[in-house]
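Notes follow the structure.
The values are calculated or read from the model by the stated rules, or taken from the named source; none is laboratory data. Values in this document were obtained by computation on a predicted structure and should not be read as measured data. Note: ideal-geometry Cβ built from the backbone for every residue, glycine included; neighbour counts use all protein chains shown.
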Amino acid sequence: MQQSQYKSNSELKYLARMQTGRYMGILAGTILLNFVITLVAANIFSSLVPVTTAVGYIINYILVFAVQVVTSVLNVGLSFIFLKSACNMQSTISDLFCGFRKNTSKALKLSAIIAVVESICMIPLDIASVQLTDVLESVNLNDLSLMLAGGSLDSYEILESYNVFYNAMMKFYLIMLVCTVISVILTLPFFPAFYMILDFPSWSAGTILKKSFEIMSGNKLRLFMLYLSFLPLYLLSIFTCGIALIWVIPYMKMAETNFYLDMMAVRNKTINSCV
């Protein structure tokens, strides 16, 4: 396949902007609902087991992982809604739960595999999070709390406390950035999976995985560059306290959907030309 056959990322994003503006309500609403369901479910199950011991932490981690797998089935519904919107079809909130009505076992298998890859990538971040918590507790309870209460801390002690705090935060954010980039890169081959559950309902989970890897061969860099092009919008969202994400996230998801549709269209043309 020639790279020129594909739409450019600028073309995909232009289409996405038009479609997102047309269906903003349902797109933003379902993404927000998906986020709330996932967050509430994770917090409920996470609170069931205290993490004061190593065993408790492991059990808590397993519970949160299980919740992550189950709630990831909602991604099938999100994909369905965005596919319908890209094809100028109306969607409803109930479409978000279509993954639980049919092809649920396939969605769970694929979600579990993707969750395992993501969890492995995030292990260094989990360790760094525990270390950061220990550092913050020691700094807050000893030096910073005394300083804020007007206690007697000399300038050297204040500077030392802030240095510890600053270094711990910078280390944590650096590890988070590296883990996130690695996770995104390693999960790129799985990108079409949830769309393909909808387009090819007769395929098994194994076949979908195989075809996903096959289709993404030669397209992973294109998708990564598409993701990277949204980084300025995410950074600008900081200045709106995250409010702009209500538009940015659906916009990016719609661009992903157009990427998938374009990729499949080129593949089908190539197959037909070889017949």
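What to note about this one:
- Scan of region 59-97 for residues that are in a helix (DSSP H, G or I), free of Cβ contacts under 8 Å to residues at least 40 places away in the same chain and under 14 Å from the mean Cα position of the chain (by Cα), ordered by number: Thr71
- Meets criteria (under 26 Å from Ala86 (Cβ atoms) and modelled with pLDDT under 90) for Gly150: no
- Tyr162 being loosely packed, with under 14 Cβ neighbours inside 10 Å, part of a helix (DSSP H, G or I) and of a type in the set (Phe, Trp, Tyr): no
- Of the set (1) surrounded by fewer than 16 Cβ atoms within 10 Å (Cβ to Cβ); (2) at pLDDT below 95, all apply to Leu32 but (2).
- Restricting Ser204, Ser237 to residues that are farther than 26 Å from Lys106 by Cβ and of a type in the set (Ser, Thr, Tyr) narrows the list to Ser237.
- Residue identified as touching a residue at least 60 places away in the same chain (Cβ under 8 Å) and more than 15 Å from the chain's Cα centre (by Cα) among Gly56, Gly29: Gly29
- For region 27-42, the criterion of being over 30 Å from Asn60 (Cβ atoms) and in a loop (DSSP other than H, G, I, E, B) is satisfied by no residue at all.
- Taken over region 234-275, the criterion of being part of a helix (DSSP H, G or I), free of Cβ contacts under 8 Å to residues at least 24 places away in the same chain and more than 16 Å from the chain's Cα centre (by Cα) is satisfied by Leu235, Leu236, Ser237, Ile238, Phe239, Thr240, Ala265, Asn268, Ile271, Asn272, Ser273, Cys274.
- Filter result for Leu236 (within 24 Å of Gly21 (Cα to Cα) and either of a type outside the set (Val, Ile, Thr) or at pLDDT 95 or above (or both)): yes
- Residue among Phe200, Phe224 that alone is within 20 Å of Ile81 (Cα to Cα) and free of Cβ contacts under 8 Å to residues at least 60 places away in the same chain: Phe200
- Val181 meets each of the listed conditions (1) at pLDDT 95 or above; (2) under 18 Å from the mean Cα position of the chain (by Cα) apart from (1).
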